[in-house]
Amino acid sequence: MRFLPTDEQADFARTLRALLAASDVPAAVRAWAGGGYGPGRALWSRLSDTGLFALAVPEAYEGLGPLPVELALGFVELGRAGVPGPVVETAAAAVLLAELGDAALAGRFLPELAAGAAATLTLPGGSPYALDAEAAAHCFAVSPAGELRLAGAGRPLASTDPARRLSVPAAGGELLAAGPGVERAAAVAGRWARLLTAAQCLGVGEALLARAVQYAKQRTQFGGPIGAFQAVKHRLADTLLGLEFARPLVWAAALSPGPGEVAAAKLTAGEAAYAAALTALQVHGAVGYTEELDLSLWLRKARPLRDAWGTPSACREEVVAAAVRARAARSR
């Protein structure tokens with residue numbers, strides 16, 4: 001199994017990284033948190049020009065995919081830059097619509113999603129709260145009874161990360177599809193959402209570690225940089241090991257997106273990102289708590305992303321269940 005990106009995949013990731021580095025993403029995040037979606041939408045438009053969102057849409061509907069490995073690479077970059085908006089939900093909604101096999105429904109929505117229109121999504125077994133419904137062009141909701149509806153933005157809720165604007169989808173809405181096919185498609189879309197959130201977590205963790213290392217080199221105490229202290233070195237090294245251990249699990253899940261593989265990737269990447277947040281906060285000290293410091297934008301993402309589309313306990317249960325199924329299959 002190949003865990004290193006091809007030259008073409010690496011070039012795509014570098015293109016995204018350069019684009020995001022040239023954009024004022026922190027300003028877009030702060031505006032998004034305050035309900036100003038203009039800078040974030042402009043950023044989404046530039047990202048869509050790279051074909052990022054089209055990677056989740058089949059070619060028959062003006063897309064380039066589905067290509068989970070390329071998407072995972074792209075979502076690492078989105079996490080590293082802290083891009084706001086329902087990026088995971090947009091890709092998962094595209095997968096859901098494609099998996100339904102309804103040509104009319106796919107033709108209605110997928111070309112728009114491939115072009116970068118934002119969508120949000122709620123699925124059975126996931127969070128009941130829709131992310132950024134006010135900013136999304138479409139809010140899709142799948143009920144436990146297997147009904148897919150086009151819902152409206154509901155009552156807003158407070159969030160740990162102000163840039164992740166949550167709401168309860170409004171009841172009712174246009175019925176798009178119903179039945180076992182919706183349930184099957186929702187399960188596939190949920191795995192994609194979990195995989196891409198894991199990739200986001202990996203990028204967030206890398207950004208937090210990079211900022212912690214940079215600060216440890218600059219901050220001096222007792223006549224030298226704090227990065228020279230063994231305790232700080234060990235903490236940074238442990239954080240790096242956690243992220244590097246998560247990386248191959250994310251690539252393995254992108255190559256073979258089974259329930260167990262995806263859950264393992266999400267569990268490991270989510271915990272690594274959260275550990276990176278704790279390390280960055282400890283290294284920065286009291287200044288790390290300030291909202292004026294850009295570090296806070298990533299600190300606030302680590303915990304919600306760790307729990308989004310599969311809490312650690314839910315992912316552990318899925319990993320164990322997958323192992324039990326595999327053992328039972330081998331014993332037949």
Criterion (basic (Lys, Arg) and either touching a helix residue (DSSP H, G or I) at 6+ places or on another chain (Cβ under 6 Å) or surrounded by fewer than 13 Cβ atoms within 10 Å (Cβ to Cβ) (or both)) met by exactly one of Arg14, Arg41: Arg14
Count - residues of the range 122-158 that are touching a residue at least 24 places away in the same chain (Cβ under 8 Å) and of a type in the set (Lys, Arg): 1
The range 65-93, subset among the hydrophobic types (A, V, I, L, M, F, W, C) and either free of Cβ contacts under 8 Å to residues at least 40 places away in the same chain or touching a Pro at 6+ places or on another chain (Cβ under 8 Å) (or both), residue farthest from Leu208 (Cα to Cα): Leu67
Residue count for the range 145-193, restricted to those that are out of contact with any helix residue (DSSP H, G or I) (no Cβ under 8 Å at 6 or more places or on another chain) and not β-branched (Val, Ile, Thr): 25
Matching residues, the range 163-175, being of a type outside the set (A, V, I, L, M, F, W, C) and buried (at least 17 other Cβ atoms within 10 Å of the Cβ): Arg164, Arg165, Ser167, Pro169
Scope the range 125-149; condition assigned to a loop (DSSP other than H, G, I, E, B) and of a type in the set (Phe, Trp, Tyr); matching residues: Tyr129
Any hit, the range 297-305, residues being of a type in the set (Gly, Ala, Ser), part of a helix (DSSP H, G or I), over 23 Å from Thr120 (Cβ atoms) and not assigned by TED's automatic domain parsing to the domain that holds Gly125: no
Filtered residues of the range 94-121 (kept if outside any helix (DSSP H, G or I) and either more than 19 Å from Leu175 (Cα to Cα) or in contact (Cβ under 8 Å) with a residue 60 or more places away in the chain (or both)): Gly101, Asp102, Ala115, Gly116, Ala117, Ala118, Leu121
Close pairs from the range 305-316: first on the phi > 0 side of the Ramachandran plot, partner at pLDDT below 95 and not hydroxyl-bearing (Ser, Thr, Tyr), Cβ under 7 Å, at least 6 apart: Trp309/Gly126
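Residue by residue, here is whether (1) within 23 Å of Trp32 (Cα to Cα); (2) small (Gly, Ala, Ser); (3) surrounded by 17 or more Cβ atoms within 10 Å (Cβ to Cβ) holds:
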| position | (1), (2), (3) |
| --- | --- |
| Gly224 | no, yes, no |
| Ser256 | no, yes, no |
| Val262 | no, no, yes |
| Pro304 | yes, no, yes |
| Cys315 | no, no, yes |
| Arg330 | no, no, no |
Residues satisfying the stated conditions in the range 98-109, i.e. surrounded by fewer than 23 Cβ atoms within 10 Å (Cβ to Cβ) and either closer than 27 Å to Ala163 by Cα or in contact with a Lys or Arg (Cβ under 8 Å, 6 or more places away or on another chain) (or both): Glu99
From Leu73, Leu78, Leu55, Leu47, residue being modelled with pLDDT of 95 or more, under 28 Å from Gly146 (Cβ atoms), not in a loop (DSSP other than H, G, I, E, B) and not acidic (Asp, Glu): Leu55
Failed criterion for Val95 (all others in (1) β-branched (Val, Ile, Thr); (2) over 20 Å from Gly258 (Cα atoms); (3) buried (at least 24 other Cβ atoms within 10 Å of the Cβ) hold): (2)
Of all residues in the range 166-225 being over 24 Å from Gly152 (Cα atoms) and assigned to a loop (DSSP other than H, G, I, E, B), the one that is nearest to the chain's Cα centre (by Cα): Arg219
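The values are calculated or read from the model by the stated rules, or taken from the named source; none is laboratory data. Predicted model only: the values in this text are computed from it and were never measured. No Cβ is skipped: glycine too gets one built from the backbone with ideal geometry, and neighbour counts run over all protein chains shown.
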